[in-house]
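*Asks:* Below you'll find the structure I mean.
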Ligand SMILES: Cc1cc2nc3c(=O)[nH]c(=O)nc-3n(C[C@H](O)[C@H](O)[C@H](O)COP(=O)(O)OP(=O)(O)OC[C@H]3O[C@@H](n4cnc5c(N)ncnc54)[C@H](O)[C@@H]3O)c2cc1C
């Protein structure tokens, strides 16, 4: 606790916004998660690097948080610090290159691209995350994914205490995977995406079409973290779960969405334990019925791991 207090004092001295005992439920799309001791909210890339340096030298448990749309945090909360990037959101354009800071939302970046009549980001318009979270996950939809457009990524490397640059290839993107998942010491500061000129109205029409499809198929009216499971080789998680008769299956406040079986939703008052138990139940039934192991897409942090 002393290290956290010292870190808080250091951040205050640096003029970086920091709050104490912040309920993570307020900052995740699942609306689940107990309090975290400190939440740091830098307002630009310079403050973000300063925060990460201070956190690293304090030695406390830390995590980087974007919009919290792909995470499940423990009900007990976390003794540690979350560096939340959502205020670090600058977007610039140079010809057909769009650059953004890690906390800019995909929706904002896709909108900027559309306004500049640049195609390539329509798929990302309805994904409710930040650029940093999308690069971590290689987020994608409707045949598009971040790997197709990322030219360069700027990262802060906490081990070497320096800013480094990776090319799209060096990010080792594959389905819902990037090299960031094996490098917790790397935090995305920003990235440059290469897009292609196109007709602005056609881009807008594609964005609206994808959004409409989401509204029709996905349970957007309930808190969730999107697709709970990754797509297994040669199958669709939602279909397997539906074929196992699990639509509407409920543990506590967590429920397999009756609208789309690939989503576990918070149907009211769900705890992280409810969701984790339901995930395990679904995995067990799908393995029994189809011989396929489902791998969660949502990033699950347990209190045990946070210590
Ligand atoms: C309704 C709904 C629909 C969704 N649809 C899709 C979809 O179509 N396709 C899809 O791929 N996903 C989808 N998602 C999941 C989610 O929106 C994406 O994975 C998104 O990219 C996560 O971004 P985030 O900012 O919310 O990340 P968070 O949930 O905050 O974090 C996710 C992971 O990224 C890490 N991270 C965040 N920022 C950084 C950074 N700057 N540097 C390093 N690591 C970082 C975090 O530490 C964490 O491990 C959906 C979610 C919801 C709720």
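The values are calculated or read from the model by the stated rules, or taken from the named source; none is laboratory data. Fair warning: this is a prediction, and the values are worked out from it, not measured in the lab. We place every Cβ from the backbone using ideal geometry, glycine too, and count neighbours over all the protein chains shown.
*Asks:* Take residues that are buried (at least 17 other Cβ atoms within 10 Å of the Cβ) and tell me which of the strands (runs of 3 or more DSSP E) falling wholly in segment 1-109 contain 3 or more. Before you say what the answer is, go through the steps one by one.
*Replies:* Values: elements: 18-23, 35-40, 62-65, 78-84, 91-94, 97-101.
Fully inside segment 1-109 and qualifying: 35-40, 62-65, 78-84, 97-101.
Matching residues to (1) part of a loop (DSSP other than H, G, I, E, B); (2) within 16 Å of the ligand (Cβ to nearest atom):
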{"site": "220", "(1), (2)": "yes, yes"}
{"site": "226", "(1), (2)": "no, yes"}
{"site": "232", "(1), (2)": "yes, yes"}
{"site": "235", "(1), (2)": "yes, no"}
{"site": "245", "(1), (2)": "yes, no"}
{"site": "269", "(1), (2)": "yes, no"}
{"site": "277", "(1), (2)": "no, no"}
{"site": "282", "(1), (2)": "no, no"}
{"site": "293", "(1), (2)": "yes, no"}
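*Asks:* OK, next. Residues 66, 80, 34: which one is at pLDDT 95 or above, more than 15 Å from the ligand (Cβ to nearest atom) and within 30 Å of residue 269 (Cα to Cα)?
*Replies:* Details: 66 fails: more than 15 Å from the ligand (Cβ to nearest atom); 80 fails: more than 15 Å from the ligand (Cβ to nearest atom).
Result: 34 is the single residue among 66, 80, 34 that is at pLDDT 95 or above, more than 15 Å from the ligand (Cβ to nearest atom) and within 30 Å of residue 269 (Cα to Cα).
*Asks:* Tally time: how many residues in segment 88-115 are within 12 Å of the ligand (Cβ to nearest atom) and out of contact with any strand residue (DSSP E or B) (no Cβ under 9 Å at 6 or more places or on another chain)?
*Replies:* 1
*Asks:* Among the residues of segment 13-28, which ones are more than 13 Å from the ligand (Cβ to nearest atom) and in contact with a strand residue (DSSP E or B) (Cβ under 8 Å, 6 or more places away or on another chain)?
*Replies:* 16, 17, 18, 19, 20, 21, 22, 23
*Asks:* OK, next. Working only within segment 227-256, note down all residues that are surrounded by fewer than 23 Cβ atoms within 10 Å (Cβ to Cβ) and either within 22 Å of the chain's Cα centre (by Cα) or free of Cβ contacts under 8 Å to residues at least 12 places away in the same chain (or both).
*Replies:* Scanning segment 227-256 gives 227, 230, 231, 232, 233, 234, 236, 238, 245, 248.
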